[in-house]
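Input: a single structure, listed below in structure tokens.
What follows draws every value from the coordinates through simple rules; no lab data is involved. In this text the structure is predicted, and so the values were computed from the model without any measurement. Heads up, the Cβs are rebuilt from the backbone with ideal geometry, glycines too, and the neighbour counts pull from every protein chain shown.
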Amino acid sequence: MDAPAGTTLEGISQAELRLAARNHGLPLEALRHPITPAGLHYLLIHYDIPEVDEAAWRLELGGAVARPASLSLDDLRALPAVTMPVTLECAGNGRALMEPRPISQPWLSEAVGTGEWTGVRLRDVLAPAGVDGDAVEILFTGLDRGVEGGVEQAYERSLPVAEALGDDAVLAYALNGAPLPPQHGFPLRLVIAGWYGMAHVKWLAAITALTAPFDGYQQATGYRLYDADGTPGEPVTRIMPRSLTVPPGIPDFMTRERLVDAGRCELRGRAWSGWAPIERVEVSTDGGASWADAALDPPLGERAWRGWSYAWDAAPGDHVLSSRATDAAGNVQPVAQSWNLKGYANNEVERIPVTVR
Ligand SMILES: Nc1nc2c(c(=O)[nH]1)N[C@H]1C(S)=C(S)[C@@H](COP(=O)(O)O)O[C@H]1N2
Ligand SMILES: [Mo]
């Protein structure tokens, strides 16, 4: 098989390894925390973490608005605050499991985390500015700059006006009750609950109302589902359902395969979807040959992952554990992933090899 341009059938390159060392994932055992401790939340930074002087920092609000504004962090903190648990997942999660492998940040399944984000509803900032009736999108521009696909750019992405005015759009200045850490967007980031990570623009510098759709790199070139021949398809938007398991037992150092004692083993995990609440989680302990329903924990919040548990009677021998999430919109995790050139929105079920002794 020939690998299409931009993919490989070979091992991980030093460039991919460099990205992987900067952009760490959630250690999967940290799935046991309902709210991910900030230092364990996954991280994805396209360029560099920008240097920010909090006293000098301003959010510039402009474009197609009646009253442009320049807001300090104190101006934002003076507005009514909201706090909500939100599960974030990188659109590239699962990329390195695809074959041929799309060349980018080589995630396996760990690019996820749930933070308790505090900030102001975006509409409470937009309303006083008076967004023009002919505005179609709101653009979010970060302070970070870099070169990608040969294009020098600030990291920026837009949202349709209706999404920007909805309950799910928050300008967050705190994570888990503390100011945003530098790596998560200090001093201010967008949280747009339910969408894949790329939409949650960090280190906000400007918010601009647009009267035509944004066609910048991260919207028109990045984050689209491409065919093997490079034809750009649909944009990536909301998070497809996925479920992961707290790895049971103890790991082998190199392979991280699990060793579990025979007998009753309580499997626990978390499942999420950006489309609708999680309605069902099933577990397989025989490599997907049969499935049984897991018990669901009470919901943590409308836009956060849902805990689940399953009592496994572990018999000696080799097993493959999987879990499969279904959301209330009827989306079910696939057992085998359909492939796309950039490796986005992979949500195939996890396979955990376990030896029971
Ligand atoms: N300004 C800016 N915002 C950004 C990014 C970035 O590189 N620059 N990365 C995006 C991507 S691809 C993801 S998955 C999330 C990751 O957020 P986290 O690092 O806080 O987990 O931030 C998004 N926001
Ligand atoms: Mo991402």
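Descriptive notes on the structure:
- The set of residues in region 20-35 that are under 26 Å from residue 342 (Cβ atoms) and in a loop (DSSP other than H, G, I, E, B) comprises 23, 24, 25, 26, 27.
- Selection count, region 134-189, where residues are within 16 Å of ligand 2 (Cβ to nearest atom), surrounded by fewer than 19 Cβ atoms within 10 Å (Cβ to Cβ) and not polar (S, T, N, Q): 3
- Qualifying positions in region 1-19 - in contact (Cβ under 8 Å) with a residue 24 or more places away in the chain, over 15 Å from residue 340 (Cα atoms) and in a loop (DSSP other than H, G, I, E, B): 1, 12, 13
- Cβ-Cβ distances below 8 Å connect the following pairs, each with a first residue in region 177-198 that is among the basic types (Lys, Arg), a second residue that is away from ligand 2 (no atom under 13 Å from the Cβ) and part of a strand (DSSP E or B), and a separation of six or more residues or different chains: 189/171; 189/172; 189/204.
- Within region 208-254, tally of residues that are free of Cβ contacts under 8 Å to residues at least 24 places away in the same chain and out of contact with any Leu (no Cβ under 6 Å at 6 or more places or on another chain): 9
- Scanning region 109-127 for residues that are over 13 Å from the mean Cα position of the chain (by Cα) and more than 11 Å from ligand 1 (Cβ to nearest atom) turns up 116, 118, 119, 120, 121, 122, 123, 124, 125, 126, 127.
- Long-range neighbours under 6 Å by Cβ, at least six apart or interchain, first residue over 16 Å from residue 44 (Cβ atoms) and among the small types (Gly, Ala, Ser) within region 138-156, second away from ligand 1 (no atom under 12 Å from the Cβ) and outside any strand (DSSP E or B): 149/221
- Number of positions in region 115-133 that are among the small types (Gly, Ala, Ser), closer than 13 Å to residue 69 by Cβ and in contact with a Leu (Cβ under 7 Å, 6 or more places away or on another chain): 1
- Top-ranked residue in region 276-303 [being among the hydrophobic types (A, V, I, L, M, F, W, C) and part of a loop (DSSP other than H, G, I, E, B); ranked as farthest from the chain's Cα centre (by Cα)]: 289
- Verdict on residue 356 being touching a Cys at 6+ places or on another chain (Cβ under 9 Å) and hydrophobic (A, V, I, L, M, F, W, C): yes
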